[in-house]
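A.B. asks: Have a look at the structure that comes next, please.
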Amino acid sequence: MLEKEFIFFKEHKAELQKKYLGKTIVIKNKKVVGVYPSEADALQEASKKFALGTFLIQKITAKEKDYIQRFHSRVCLRWVMKNKTIHHAFRTEFRGRIVSEIVTPAHVETPSAIAHAGTAKQIKVNAIWDTGATDSVITKSIVKQLALVPTGRTIVRGVNSEMEVFTYFVNIGLPNRVMIENVKVTECELNSPGIDILIGMSIIQLGDLAIANGKGHTIFSFAMPSFANPVDLLDKANAINPKPKKK
């Protein structure tokens, strides 16, 4: 599925960059059948014209990460009210223990961009956070439960391997009603039992993340969009540390 469309993209990448740089294109039967300002727009409009699984959505940039993702172990809503940015955030506390992995509750649902198709579904999952992954991942189990249809393909590179896999669009919900809509994710199997989503840098870079391990337990927090005055641990340390005496 979508093999010939992905091959077309790779073979004509330089040509497509010159013509559509900064845009998102829809490829079907080795032809560009649509050009859109964003991946969400492409999904919404293309799904009205063609059956899901018969077209490939590809964002065109000048970088290799267009179609290659790296895993070393993929639009948020900018909430504005009365000219003020509203930050959405959550905190997870692991009482009585220091953890080596950050796992939080989450839910996955069919993307808002195709809600008109009447196929909206939602499932609750556990999500692991990984700054070593360029994009975000869902497992084949999630794909089956939500009856997702691929909208693209990508090349995934691990430490010692490389493989070509499907990509999809989903909505990802985090604690405290933090929602990321129409986010592009990759289908891969995860080595952590009970984990069906990996939150990678495609989501982490949309906001600010903090991990603290004081008083014998881990506290993890995430907010988006990013704050104008981020926490700087160096400034905090300098503020409380004794000042060296002048000679």
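A.B. asks: For VAL125, list long-range residues whose amide hydrogen, built 1.01 Å from N in the peptide plane, is under 5 Å from its own amide hydrogen.
C.D. replies: ALA106, HIS107, VAL108
A.B. asks: Using amide H atoms built in the peptide plane, which far-off residues or other-chain residues are under 5 Å from ILE102 H to H?
C.D. replies: Under 5 Å from the amide H of ILE102 lie the amide H atoms of TRP129, each far enough along the sequence or on another chain.
A.B. asks: May I ask for the distance between the Cα centers of segment 187-218 and segment 1-58, given as a whole number of Å?
C.D. replies: Centre-to-centre distance over Cα atoms comes out at 30 Å.
A.B. asks: Project the alpha carbons of segment 130-206 onto their principal axes and report the range along each, largest first, in whole Å.
C.D. replies: Sorted from largest, the Cα extents of segment 130-206 read 38, 28, 25 Å.
A.B. asks: What is the spin-label model distance, in nm, from ALA210 to ALA228 if the labels are put 7 Å beyond Cα along the C-beta direction?
C.D. replies: So the label points at ALA210 and ALA228 sit 1.9 nm apart.
A.B. asks: Considering all projection directions equally, how large on average is the shadow of the alpha-carbon convex hull of segment 3-63, in square nanometres?
C.D. replies: The directionally averaged projection comes out at 3.7 nm².
A.B. asks: Also, quick follow-up: log10 I(q)/I(0), Debye, Cα-only segment 70-234, no solvent, q = 0.10, 0.11, 0.18 Å⁻¹?
C.D. replies: Debye curve over Cα of segment 70-234, log10 I(q)/I(0) at q = 0.10, 0.11, 0.18 Å⁻¹: -0.39, -0.47, -1.20.
A.B. asks: If you average over every viewing direction, what projected area does the convex hull of the Cα atoms of segment 163-247 give, in nm²?
C.D. replies: For segment 163-247, averaging the hull's shadow over all directions gives 10.2 nm².
A.B. asks: Which whole-Hz ³J(HN,Hα) couplings does segment 134-142 yield from phi under the Karplus relation 6.51 cos²θ - 1.76 cosθ + 1.60, θ = phi - 60°, glycine and proline marked x?
C.D. replies: 3J(HN,Hα) across segment 134-142, in whole Hz: 5, 10, 9, 10, 10, 8, 4, 4, 5.
A.B. asks: With θ set to phi - 60°, apply the Karplus curve 6.51 cos²θ - 1.76 cosθ + 1.60 along segment 144-149 and write out the HN-Hα couplings as whole Hz, x wherever there is a Gly or Pro.
C.D. replies: 5, 5, 8, 6, 6, 10
A.B. asks: Along the Cα→Cβ direction, 7 angstrom out, place labels at ARG95 and LYS30. What is the inter-label distance in nm?
C.D. replies: Distance between label points: 6.2 nm.
Every number in this text was worked out from the coordinates using simple rules, so none of it is lab data. Note that the structure is a prediction, hence the values are computed from the model and not measured. Ideal geometry is used to build each Cβ from the backbone, glycine not excepted, and the neighbour counts take in all protein chains shown.
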